[in-house]
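Below is one structure, written out as structure tokens, with a few remarks after it.
The values are calculated or read from the model by the stated rules, or taken from the named source; none is laboratory data. Everything numeric here is computed off the predicted structure, so don't read it as measured data. Please note: Cβ atoms are built from the backbone with ideal geometry, for glycine as well, and neighbour counts cover all protein chains shown.
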Amino acid sequence: MTDAPLILWFRRDLRLGDQPMLAAAAALGRPLLPLFILDPETEAQGAAPKWRLGLAVAAFAEALEARGLRLVLRRGPALEVLRGLVAETGAAGVWWSRLYDPPSVARDTAVKTALKGAGLEARSFAGHLLHEPWEVETGQGGFYRVFTPFWKAVRDRPVPPPAPAPDRLRGLDSWPMSDRLADWRLGAAMHRGAEIVARYQAVGEAAARAKLAAFLAGPVARYGELRDVPAVAGTSRLSENLTYGEIGIREVWHAALRRREEGAAGGAESFLRELAWRNFSYHLMHHTPQITRSNWKPEWDAFPWRGDSAEAERWRRGMTGEPFVDAGLREMYVTGTMHNRVRMVVASYLTKHLLTHWRLGLDWFADCLTDWDPAANAMGWQWVAGSGPDAAPYFRVFNPAGQAEKFDAGGAYRRRFLAELSPDPGAEALAYFDAVPRSWALRPDQPYPAPVVDLAEGRARALAAYGARNA
Ligand SMILES: Cc1cc2nc3c(=O)[nH]c(=O)nc-3n(C[C@H](O)[C@H](O)[C@H](O)COP(=O)(O)OP(=O)(O)OC[C@H]3O[C@@H](n4cnc5c(N)ncnc54)[C@H](O)[C@@H]3O)c2cc1C
């Protein structure tokens, strides 16, 4: 048995517990070389996710250091970096946890082929999902296009129990050179926003686990009823941690299952269902990778979507004059995330009232969300736009004012993020004006803008375009 080092190439699995790759590697007792690569695929990420990734990497490096290991940082195309490190250290193999978005799949497939061709051990592990996307099949052996039957198929499907963090991890006697994380300047594109968004981040494995425990001890019981109320902290807020793998999905699933058994029945059941939505988005991305960039239903290619415009720019800036929509877009700028109900409303407003291509919204979210996830973002946008699988019918246009009345009846959420609506705005509403680029020249004492589009007119325009497409 070789005692040559094993390179563990970490990506979106920045944790020690519930980490199948690490558990298997630790069991071998071989020297381990943890590695993070800033490769072109990672560099291509949007401003907020890239900045948040830097925080995740720093926290994980600290966690490894506490166990006597180092996280080696290298920059460059993954295969080049890996080949270089193999040559430097005499490593016998490279292991990683699987990713499923098209650019990562293309890169990982090429890396695996090249490493194997060079006689090295190249092995990929599950760990990012409850079930691998190809494991769940319809009765006919195909993939699911609709969520409800998918949920029926996975609700009681066994999920492997989470492995605890390994007791012993063996490092190298002499560590190869590492880049300095600060030199990567992962937050360079965040401008003034980083300082503000930082207040809302709960970074690293311990913080994620504490968040899960707090959610399961309280809010989960009323999750079914409160998850749609954006003024209330009624959801887990684990998406930022799940996306970087700061907590394992199996750990979350099993903890929620226990809670369901203990009596938080309805709430825990709804929460498990949302975790399954995450898996469904990966199921779709694996079987139909075009979902990330093209209309999932090709018949939508003929729809007269608009491209970028002054109206779309006002949407990006949270200046549409539609309070519920603007509050959501500003929440994203200030906190790095947006409540799920409001994501649906702002997406509907852009694609229907403003008739703008969903890809423009998807790209803006990918630039602004600290919980950006390639599968959930693509599924969410196409679901709302009507072009996706199991999508909301196009003629069902969310009315932002009606949605606000229903889910933000007292207006607390809108006031929280819209300074112009209050004589004495709170810190979060004001923070927006400090976070946005100076070039936008926005000030809280300016009057709140008039609506970009009359809601009834926007709706009628959207339905007419839809009708013409069907004619
Ligand atoms: C247009 C649009 C874009 C979206 N983009 C993203 C994105 O980039 N990243 C992201 O993580 N989620 C995205 N979502 C899904 C959802 O809004 C977030 O997962 C949720 O708001 C995160 O808050 P939470 O962690 O408190 O969720 P909770 O309500 O506590 O749910 C627990 C977990 O389940 C998963 N989940 C919940 N709802 C969904 C859903 N609809 N689709 C897929 N997974 C879900 C998430 O991992 C979430 O953390 C998007 C939704 C829409 C409509």
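Would you mind listing the helices (runs of 4 or more DSSP H) fully within region 122-234 where at least 2 residues are under 21 Å from the mean Cα position of the chain (by Cα) and β-branched (Val, Ile, Thr)?
Values: elements: 147-154, 181-184, 193-197, 205-217, 223-226.
Per the criteria, 193-197.
Applying a threshold of 8 Å to beta carbon distances and a minimum spacing of six or more residues, or different chains, the list of pairs starting in region 131-158 at a residue that is within 17 Å of Ala392 (Cα to Cα) and ending at one that is acidic (Asp, Glu) and part of a loop (DSSP other than H, G, I, E, B) reads Arg145/Asp390; Val146/Asp390; Phe147/Asp390. Quick one: how many residues across region 203-243 are away from the ligand (no atom under 11 Å from the Cβ) and closer than 19 Å to Trp51 by Cα? Looking only at that region, the number is 4.
For first residues located in region 56-70 and closer than 18 Å to Pro31 by Cβ, partners that are part of a helix (DSSP H, G or I) and lie 6+ apart or on another chain with Cβ distances below 7 Å form the pairs Arg70/Leu64.
Out of Gly263, Gly321, Gly245, which single residue is surrounded by fewer than 18 Cβ atoms within 10 Å (Cβ to Cβ), at pLDDT 95 or above and at positive phi?
Values: Gly263 fails: at pLDDT 95 or above; Gly245 fails: surrounded by fewer than 18 Cβ atoms within 10 Å (Cβ to Cβ).
Of Gly263, Gly321, Gly245, the one residue that is surrounded by fewer than 18 Cβ atoms within 10 Å (Cβ to Cβ), at pLDDT 95 or above and at positive phi is Gly321.
Residue-level analysis places Ala460 among those that are over 20 Å from Glu313 (Cα atoms) and out of contact with any helix residue (DSSP H, G or I) (no Cβ under 6 Å at 6 or more places or on another chain). The helices (runs of 4 or more DSSP H) found entirely in region 367-440 that carry 2 or more residues being touching a residue at least 24 places away in the same chain (Cβ under 8 Å) and within 16 Å of the ligand (Cβ to nearest atom) are 374-385, 400-407, 412-417.
Here's the yes/no breakdown for (1) within 15 Å of the chain's Cα centre (by Cα); (2) farther than 30 Å from Leu360 by Cβ; (3) assigned to a helix (DSSP H, G or I); (4) among the polar types (S, T, N, Q):
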{"position": "Arg259", "(1), (2), (3), (4)": "no, yes, yes, no"}
{"position": "Gly267", "(1), (2), (3), (4)": "no, yes, yes, no"}
{"position": "Leu272", "(1), (2), (3), (4)": "no, yes, yes, no"}
{"position": "Phe280", "(1), (2), (3), (4)": "yes, no, yes, no"}
{"position": "His286", "(1), (2), (3), (4)": "no, no, yes, no"}
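Of all residues in region 198-227, those that are closer than 25 Å to Val57 by Cα have Cβ atoms under 6 Å from Cβ atoms of residues that are part of a helix (DSSP H, G or I) and more than 14 Å from the ligand (Cβ to nearest atom), 6 or more apart or on another chain, in Val203/Leu55; Val203/Ala59; Gly204/Ala59.
Residue count for region 445-460, restricted to those that are surrounded by 11 or more Cβ atoms within 10 Å (Cβ to Cβ) and modelled with pLDDT under 95: 1. Only residues that are part of a helix (DSSP H, G or I) and more than 8 Å from the ligand (Cβ to nearest atom) were counted in region 324-350, giving 18.
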